[in-house]
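Since the structure comes first, as structure tokens, the remarks are kept for the end.
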Amino acid sequence: MPSGSVEINIGSDTRCMLGEMFFKANLISIDQLCHALYVAHKNCLPLGRVLVMLGMTKTRVLEGALTLQNLVRQNLLPPKLAIHCLNVLGNNKVRISEVLSEVGWTGNPLKDEGNLGEILIEAKILTRKSIDDALGLSRHVGLPLARILVLQGMISSKLLVAAMKAQEVIRSGRVQPEEAIRALSSAASMLEFEKACENHLETKQPFIKLEELLLLARLMSDSDLQRFEGERDHFGGKTIGEYIVESGIYSSNLIASAVRLQTMIARMELSPLMAAMALRLIYSRDLSLMEAIKESYMEKPPYDGEISLYHLLRLSGLITAFDVRRLGHLPGSPTTTGEAIEDRLLKAGILNRATMEAAKRCHLLMKEGFLTTEQAMIVLQHWSWSGEGLTRVLEKLQWGTGSMPTLTAQAFRT
């Protein structure tokens, strides 16, 4: 992993996960959800940004979904109502405030009680200016505040875990805000807490749920999932996946294979589509796990999750969906986003050669392992605002291995 890179895997509030919201609102299919999750985790990117990058949703809908998610996590909006609102938002040209008003919700959609920045300020971990600067970068780059704070070295990953936990308990009402903030202030000196956080961060948790993998493999229908959702009150606190395992609906061999495939997806050893294909072969032809995986490898997936130059331009905001529409053609897959679209962007005047050259160099630094995708996005944003050279921006951000990537990277040899 590149120097200074961070893989954020924190135990934050899991209610109303963004991907599940889009899937339950019928705005994306299970295939699209699993594909987007794979790309997001492989490149350490927020799922929302990936959904927009892959053309699965629009920025307007994503922003509305994040507002709805935030309201649910503050216990201000029921999850089912949030899903309904997202469906309306995604299928109509309306604002989120109009959708909420239409369903009779009268609160403030911008309310953000117990937000991460205020918690860190009140705990005297960061100053208001630091948070304001980070929020500005967050808005420009489109990355969550938490990721910006860690990528900029303002807080450690371990301290972020503690802050997110404090936010969760404040919003749930389990403790008074003052108590949570006092605990957060002293968290850095709690060795046992830090060790627990470290162990949590190192664990590669499956990001494709068991029921999602079964859906993707066409071994479970949407109606089955809806029935399980309706019966959750009878699960005794169990997740849908745990209920499926204990119910005996599927054979123990199939469940064991599915769990192993989940782990392989989390380790980026298999894509979700290949894992689903293998699971389907195990079910239909009674193959062993290794035999099924070997056969699934014979059919190359359409996209391996790598970030192309086109994707980097989209993620960095250097080109927008409107810009691509101006070209009269939106690439259907990354295999069609080679030099042709870059040339068209230049000819149409959407990008100048200096911007394209900077993006190409950042993309090469990503491929050579000097930058993560998130770091490349921030570098390009700094470069576009500051007017400074790319080397100077990298020096200021202090992202590089050894003396500097300019000394060894192919990106700076031309």
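The values are calculated or read from the model by the stated rules, or taken from the named source; none is laboratory data. Computed from a predicted model, the values in this text were never measured in an experiment. Positions of Cβ are generated from backbone atoms using ideal geometry, with glycine treated the same way; all protein chains shown enter the neighbour counts.
Does residue 86 satisfy the criteria of being modelled with pLDDT of 95 or more, out of contact with any Asp or Glu (no Cβ under 7 Å at 6 or more places or on another chain) and not assigned by TED's automatic domain parsing to the domain that holds residue 276? Step through it out loud before you land on a result.
On the way: modelled with pLDDT of 95 or more: yes; out of contact with any Asp or Glu (no Cβ under 7 Å at 6 or more places or on another chain): yes; not assigned by TED's automatic domain parsing to the domain that holds residue 276: yes.
Answer is yes for this residue.
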Among residues belonging to region 170-214 that are surrounded by fewer than 18 Cβ atoms within 10 Å (Cβ to Cβ), more than 26 Å from residue 44 (Cα to Cα) and hydrophobic (A, V, I, L, M, F, W, C), point out the one that is modelled with the lowest pLDDT.
191
Residues of region 244-266 satisfying the condition of being farther than 20 Å from residue 288 by Cβ, modelled with pLDDT of 85 or more and either among the hydroxyl-bearing types (Ser, Thr, Tyr) or not in a helix (DSSP H, G or I) (or both):
248, 249
Take the residues in region 37-76 that are within 22 Å of residue 166 (Cβ to Cβ) and in contact with a Cys (Cβ under 8 Å, 6 or more places away or on another chain); name whichever of them is surrounded by the fewest Cβ atoms within 10 Å (Cβ to Cβ).
72
Only residues that are touching a Leu at 6+ places or on another chain (Cβ under 9 Å) and in a helix (DSSP H, G or I): list them for region 153-169, please.
157, 158, 159, 160, 161, 162, 163, 164, 165, 166, 167
Residue 222 under 25 Å from the mean Cα position of the chain (by Cα) and of a type outside the set (A, V, I, L, M):
yes
Residue match in region 229-240 (condition: of a type in the set (Ser, Thr, Tyr), assigned by TED's automatic domain parsing to the domain that holds residue 162 and at pLDDT below 85):
no
If a residue must be assigned to a loop (DSSP other than H, G, I, E, B), under 21 Å from residue 144 (Cα atoms) and hydrophobic (A, V, I, L, M, F, W, C), how many such residues does region 20-44 contain?
1
When residues of region 270-282 are limited to those that are in contact with a helix residue (DSSP H, G or I) (Cβ under 6 Å, 6 or more places away or on another chain) and not aliphatic (A, V, I, L, M), the one nearest to residue 218 (Cα to Cα)
272
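Output yes when any residue across region 56-63 is in the same structural domain as residue 35 (by TED's automatic domain parsing), hydroxyl-bearing (Ser, Thr, Tyr) and outside any loop (DSSP other than H, G, I, E, B), and no when none is. Before the answer, list the steps.
Let us first name the residues in region 56-63 that are in the same structural domain as residue 35 (by TED's automatic domain parsing), namely 56-63.
Narrowing the set further to residues that are hydroxyl-bearing (Ser, Thr, Tyr) leaves 57, 59.
Okay, now just the ones that are also outside any loop (DSSP other than H, G, I, E, B), so 59.
Checking region 56-63: at least one residue is in the same structural domain as residue 35 (by TED's automatic domain parsing), hydroxyl-bearing (Ser, Thr, Tyr) and outside any loop (DSSP other than H, G, I, E, B).
For every residue, the table says whether it meets (1) under 23 Å from the mean Cα position of the chain (by Cα); (2) not charged (D, E, K, R).
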position	(1), (2)
99	no, yes
105	no, yes
129	no, no
138	yes, yes
142	yes, yes
148	yes, yes
151	yes, yes
159	yes, yes
165	yes, no
